[in-house]
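What follows is one structure encoded as structure tokens, with my remarks underneath.
The values are calculated or read from the model by the stated rules, or taken from the named source; none is laboratory data. Because the structure is a prediction, the values reported are computed rather than measured. We place every Cβ from the backbone using ideal geometry, glycine too, and count neighbours over all the protein chains shown. For the accessible areas, the whole protein counts, side chains as well, though only heavy atoms, and no ligand, DNA or RNA atoms are used. Shrake-Rupley method; radii C 1.70, N 1.55, O 1.52, S 1.80 Å.
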Amino acid sequence: MNRLDLDTPIGRWVAEYPATARFLESLQIDYCCHGSQSLSQACASPGLNPTQVLEQLRDHLATCTPVSENWLNRPLTELSAHIEQTHHAYLKSELPRLSELIEKVVNALGVSHPELLTLRSHFADLRAELEPHLMKEERILFPAIRQLEQTATQLHFPFGTVANPIHMMEHEHDHAGDELAKIRHVTNDFQLPSDACTTYRVLFDSLQQLEQDLHQHIHLENNILFPRAMKLECNR
Ligand SMILES: [Fe+2]
Ligand SMILES: [Fe+2]
């Protein structure tokens, strides 16, 4: 436990201790798109005292049930399948559902709450970024990573090394992270107005769940799957 400190990348904290993700979410510390930042650096944006956060993290971990196994030592084939079956499947059903919910709320309250139109625009951008992204991972990158793990011989991919599509995916994660931040901003941290209807409440609740799920999803890819795949290829 003491191996991890203020200089440890924040993504490494969550990779080794998945229970820290929820705690870091509550402090709005970015552990996914900027998971390579040290704990100290990651505290700067939300304006937190790194030493206090380190103490809180250690206290939090002391109350958690230890996880005997995490994704750092499971096969990449298993991890990529887990990402597809949980996070990709979730997005494929949630993105269309949320688009419909936003339309309903805009139609009902868009005149008195013009910020809903901005929300609709940011969500459309997020969806437009994510849908082709999932397809590229499922059809190109993940099969290549599984091949790398399951084949002992040198592989020649049409896109060069796996680092090439990985860097493209990381870039798209950054865009998705920016859109999520804009959604959080325009919804005033998902604070409901006093005249919010039930659909409005369901929408904000669902958007917040989407944010959490996407953070966890990007964390698994940026901080575990991608670096492990690149290391595997380098060691050939
Ligand atoms: Fe993904
Ligand atoms: Fe991704």
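Only one of the listed residues (Gln150, Gln154) is in contact with a Lys or Arg (Cβ under 8 Å, 6 or more places away or on another chain) and either surrounded by fewer than 14 Cβ atoms within 10 Å (Cβ to Cβ) or more than 24 Å from Leu91 (Cβ to Cβ) (or both). That residue is Gln154.
Across the range 185-215, the qualifying residues are those that are within 16 Å of ligand 1 (Cβ to nearest atom) and among the charged types (D, E, K, R), and the one among them that is surrounded by the fewest Cβ atoms within 10 Å (Cβ to Cβ) is Asp213. Evaluated against (1) part of a loop (DSSP other than H, G, I, E, B); (2) surrounded by 15 or more Cβ atoms within 10 Å (Cβ to Cβ), Leu116 falls short on exactly one condition, (1).
Could you tell me whether Lys182 is over 26 Å from Thr153 (Cα atoms) and open to solvent by 40 Å² or more (accessible area, probe 1.4 Å)?
yes
Taken as a whole, the range 154-172 holds at least one residue that is within 16 Å of ligand 1 (Cβ to nearest atom) and among the charged types (D, E, K, R).
Taking the numbered list (1) surrounded by 13 or more Cβ atoms within 10 Å (Cβ to Cβ); (2) under 21 Å from the mean Cα position of the chain (by Cα); (3) farther than 20 Å from Glu221 by Cβ in turn, Leu101 passes all entries but (2).
Within the range 13-32, the only residue that satisfies the criterion of being of a type in the set (Ser, Thr, Tyr), assigned to a loop (DSSP other than H, G, I, E, B) and open to solvent by 50 Å² or more (accessible area, probe 1.4 Å) is Tyr17.
Of the conditions (1) of a type outside the set (Ser, Thr, Tyr); (2) open to solvent by 50 Å² or more (accessible area, probe 1.4 Å); (3) closer than 22 Å to Ala21 by Cα, His167 satisfies every one except a single condition; which number is it? All conditions are met except number (3).
From the list Leu192, Leu207, Leu214, the one residue that fits, being within 16 Å of ligand 2 (Cβ to nearest atom) and either assigned to a helix (DSSP H, G or I) or not aromatic (Phe, Trp, Tyr) (or both), is Leu214.
So which of Phe226, Phe142, Phe157 is in contact (Cβ under 8 Å) with a residue 12 or more places away in the chain and more than 16 Å from ligand 2 (Cβ to nearest atom)? Every option except Phe157 fails the conditions.
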